[in-house]
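*Asks:* Can you keep this structure in mind? I'll have questions shortly.
The values are calculated or read from the model by the stated rules, or taken from the named source; none is laboratory data. Remember, it's a predicted structure, so these values are computed and weren't measured experimentally. Cβ: placed from backbone, ideal geometry, glycine included. Neighbour counts: every protein chain shown. These area figures cover heavy atoms from the full protein model, side chains too; ligands, DNA and RNA do not enter into them. Shrake-Rupley method; radii C 1.70, N 1.55, O 1.52, S 1.80 Å.
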Amino acid sequence: IRMAEYMHSMPIGGVAVWAHTGRGLYLTVDERAEVLTHWRESLPNAVIIAGAGSSEMAEHAKSLGADAILCHPPTPFRDLHAHERDEAIVEHHSELSRAGLPLILFYLYEAAGGIDYSLSVLRKLFALPNVIGIKIATLNSVMTFQDLAIPIKLEFPDKLLITGEDRF
């Protein structure tokens, strides 16, 4: 709460809530409401991106005034066979899209709670109407980042390409 109040005096354009490496998935409904409500009240003109791992979370974020969704990687699908996993990943994001908010995909390396998306899956995800970009976090694998970023920028130049890797 104090952080949101402090940031009110800072020249920022937006914040992400419920997001950090999946921790937002463990917040209760009441905790999520408290967090997003305080940020919205403290930064009424800022963009608020809320992490969501289910359509219920996406709808909840929308009802509280979030402007966009950062899609938590659907790690429960890791152990599925490739074809089934790929279909489940696309359907998961389609469900998040139903909230009607812009979506930011999240490619997170597996050791931090992510799941690998093939280029064919990424192409299907970028074809969803609400997808505006992707956040890529590959820890220290610059090669993985490049293997993803180059085709994304070539095939989807109108989409955001975001990274927060300090090691880069």
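*Asks:* Inside segment 134-166, can you point out the residues that are within 14 Å of the chain's Cα centre (by Cα) and among the small types (Gly, Ala, Ser)?
*Replies:* 137, 164
*Asks:* Check off (1) open to solvent by 30 Å² or more (accessible area, probe 1.4 Å); (2) more than 30 Å from residue 30 (Cβ to Cβ); (3) touching a residue at least 12 places away in the same chain (Cβ under 8 Å) for residue 143 and give me the number that stays unchecked.
*Replies:* Status for residue 143: all satisfied but (3).
*Asks:* With 115, 162, 136 as the choices, which residue is within 23 Å of residue 23 (Cα to Cα), of a type outside the set (Gly, Ala, Ser) and in contact with a Gly (Cβ under 7 Å, 6 or more places away or on another chain)?
*Replies:* Matching residue, one of 115, 162, 136: 162.
*Asks:* Which of the residues spanning segment 149-158 are closer than 19 Å to residue 86 by Cα and either open to solvent by 10 Å² or more (accessible area, probe 1.4 Å) or without any contact (Cβ under 8 Å) to a residue 24 or more places away in the chain (or both)?
*Replies:* 151
*Asks:* I'd like to check something: does segment 74-83 contain any residue that is under 14 Å from the mean Cα position of the chain (by Cα) and closer than 23 Å to residue 133 by Cα?
*Replies:* Looking through segment 74-83, at least one residue is under 14 Å from the mean Cα position of the chain (by Cα) and closer than 23 Å to residue 133 by Cα.
*Asks:* Restricting the search to segment 35-60, which residues are modelled with pLDDT of 95 or more and open to solvent by 80 Å² or more (accessible area, probe 1.4 Å)?
*Replies:* Answer for segment 35-60, where residues must be modelled with pLDDT of 95 or more and open to solvent by 80 Å² or more (accessible area, probe 1.4 Å): 56, 59.
*Asks:* For residue 3, only one of the following conditions fails: (1) open to solvent by less than 70 Å² (accessible area, probe 1.4 Å); (2) more than 29 Å from residue 76 (Cα to Cα); (3) among the hydrophobic types (A, V, I, L, M, F, W, C). What is its number?
*Replies:* (1)
*Asks:* Still on this structure: So if I check each of 17, 29, which one is open to solvent by 70 Å² or more (accessible area, probe 1.4 Å) and of a type in the set (A, V, I, L, M, F, W, C)? Give the derivation first.
*Replies:* Values: 17 fails: open to solvent by 70 Å² or more (accessible area, probe 1.4 Å).
Exactly one residue qualifies, and that residue is 29.
*Asks:* In segment 117-130, is there at least one residue being modelled with pLDDT under 90 and open to solvent by 50 Å² or more (accessible area, probe 1.4 Å)?
*Replies:* Going residue by residue through segment 117-130, those that are modelled with pLDDT under 90 are 129.
Going one step further and asking which of them are open to solvent by 50 Å² or more (accessible area, probe 1.4 Å), we end up with 129.
Yes, segment 117-130 contains a residue that is modelled with pLDDT under 90 and open to solvent by 50 Å² or more (accessible area, probe 1.4 Å).
*Asks:* On the given criteria, is residue 103 free of Cβ contacts under 8 Å to residues at least 40 places away in the same chain, crowded, with 22+ Cβ neighbours inside 10 Å and over 20 Å from residue 79 (Cα atoms)?
*Replies:* Answer is yes for this residue.
*Asks:* When you scan segment 61-96, how many residues do you find that are open to solvent by 40 Å² or more (accessible area, probe 1.4 Å) and not aliphatic (A, V, I, L, M)?
*Replies:* 15
*Asks:* Turning to a different aspect of this structure: Identify the single condition in (1) within 29 Å of residue 143 (Cα to Cα); (2) touching a Gly at 6+ places or on another chain (Cβ under 8 Å) that residue 87 does not satisfy, given that it satisfies every other one.
*Replies:* Unmet condition: (2).
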